[in-house]
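The values are calculated or read from the model by the stated rules, or taken from the named source; none is laboratory data. Small disclaimer: the values here were computed from a predicted structure and weren't measured. Cβ placement follows ideal geometry from the backbone for every residue including glycine, while neighbour counts extend to all protein chains displayed.
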Amino acid sequence: MLRFVRRLARRGCGLLALVLSTTAAAQPAWRVPDPALIEPANVAGYYAEVLRLALRKGGSAPGEPQIEWVGGRGMVRERYRRMLAAGEIDVLWSSSTPAREAEFLPVRFNLLRGVNEHRLLLVRRADLPRFRGVRDLRDLRAFSAGAGTHWSDAQILRANGLRVVTANQHPSLFRMLALGRFDFLALGAAEIDDALQTHADLALVIEPRLVVRYHQPIYFFVNRQPALAERILRGLQRAARDGSLEQVFMAHATLRDAWERVSRPGRHSIVLQPLEARAVAPAQVLSRRTPGSSQATTALRSAAMAS
């Protein structure tokens, strides 16, 4: 009798293990663009780590979240936005615009702590004297800017009265600047050094005195999956409160250096107005009602949160 009970117990344990393994296997694999295909190498790992952290801390089941990294080389970010709209991927990080927030569910938590909202100007070395007299937006309007065709920056710059020349391919912009097609590129503090090093042969320099600032948070966006959006936001808030999100941010030297750079006083700021908000469709109300965590403000300092 005792041996029978032991055999039954062993079978029960096996059945329990089978159930648990089946449950784990049934967890969805979230389809996400491979950051290495669309981000510079020095920041690509950050987005992958933050998404894993948010899904892990925001979920109810233990274990690592299942993520399927998708995409191909040469695919531009706008292609991934179309994939998100079609339901071919589940999550995408992007700068926020009124149109994107109307189309997708934004997870309202600024992933880059605002460092991308401080834009330094990449200019031709020979043109440095021309920028010395720039004091305000009116002065800056005498110059033309370059931007990617689908960049939200292009919309913001135009909305503030600046002339903008665009290109479909990001690398083309630097050669266009060197050839005089426009006068400056406004690049984030976390990307401009890498861009300068990559295009060291073009006689481009960082304008030393100015910083152009405008509201442009980087959010995770989800396509019509409120539960997933809530999970990511919940995970980001928890990670902000316990300090693990700040650890990930500061572990990436490019972002840490950019944060320190924009935190230092000294540059003359020209502040641009953000894009006007549009009416929000009912599908987006859930996201609007779930703002960034005010409890996380201390952990990430107020720049981490979107307004």
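Worth pointing out:
- Top-ranked residue of the range 121-148 - restricted to ones that are part of a loop (DSSP other than H, G, I, E, B), free of Cβ contacts under 8 Å to residues at least 40 places away in the same chain and not aliphatic (A, V, I, L, M), ranked as surrounded by the fewest Cβ atoms within 10 Å (Cβ to Cβ): GLY133
- Long-range neighbours under 6 Å by Cβ, at least six apart or interchain, first residue of a type outside the set (Gly, Ala, Ser) within the range 56-80, second surrounded by 10 or more Cβ atoms within 10 Å (Cβ to Cβ) and in a loop (DSSP other than H, G, I, E, B): ARG56/PRO65; GLN66/GLN27; TRP69/ASP34; GLU78/HIS150
- Residues considered: ASP194, ASP257. Of these, the only one that is at pLDDT below 95, over 24 Å from GLY133 (Cα atoms) and not assigned by TED's automatic domain parsing to the domain that holds LEU137 is ASP257.
- Residue count, the range 213-222 (criterion: more than 19 Å from ALA29 (Cβ to Cβ) and either without any contact (Cβ under 8 Å) to a residue 40 or more places away in the chain or crowded, with 20+ Cβ neighbours inside 10 Å (or both)): 5
- One residue stands out in the range 149-182 among those that are of a type in the set (Lys, Arg) and either farther than 15 Å from LEU202 by Cβ or in contact (Cβ under 8 Å) with a residue 40 or more places away in the chain (or both): the one that is surrounded by the fewest Cβ atoms within 10 Å (Cβ to Cβ), namely ARG163.
- Residue count for the range 128-155, restricted to those that are charged (D, E, K, R), modelled with pLDDT of 95 or more and within 19 Å of SER172 (Cβ to Cβ): 0.
- Going through (1) closer than 19 Å to VAL43 by Cβ; (2) at pLDDT 95 or above; (3) more than 17 Å from the chain's Cα centre (by Cα); (4) in a helix (DSSP H, G or I) one by one, LEU236 falls short only on (3).
Conditions (1) of a type in the set (A, V, I, L, M); (2) in a helix (DSSP H, G or I); (3) surrounded by 22 or more Cβ atoms within 10 Å (Cβ to Cβ), marked per residue:
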residue	(1), (2), (3)
VAL205	yes, no, no
VAL211	yes, no, no
ARG224	no, no, no
LEU228	yes, yes, no
ALA240	yes, yes, yes
VAL248	yes, yes, no
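- Within the range 29-45, the residues that satisfy the criterion of being touching a residue at least 40 places away in the same chain (Cβ under 8 Å), out of contact with any Pro (no Cβ under 8 Å at 6 or more places or on another chain) and not aliphatic (A, V, I, L, M) are ARG31, PRO33, PRO40, ASN42.
- Filtered residues of the range 67-107 (kept if part of a loop (DSSP other than H, G, I, E, B) and over 12 Å from ASP34 (Cβ atoms)): GLY74, VAL76, ALA86, GLY87, GLU88, ASP90, SER96, THR97, PHE104
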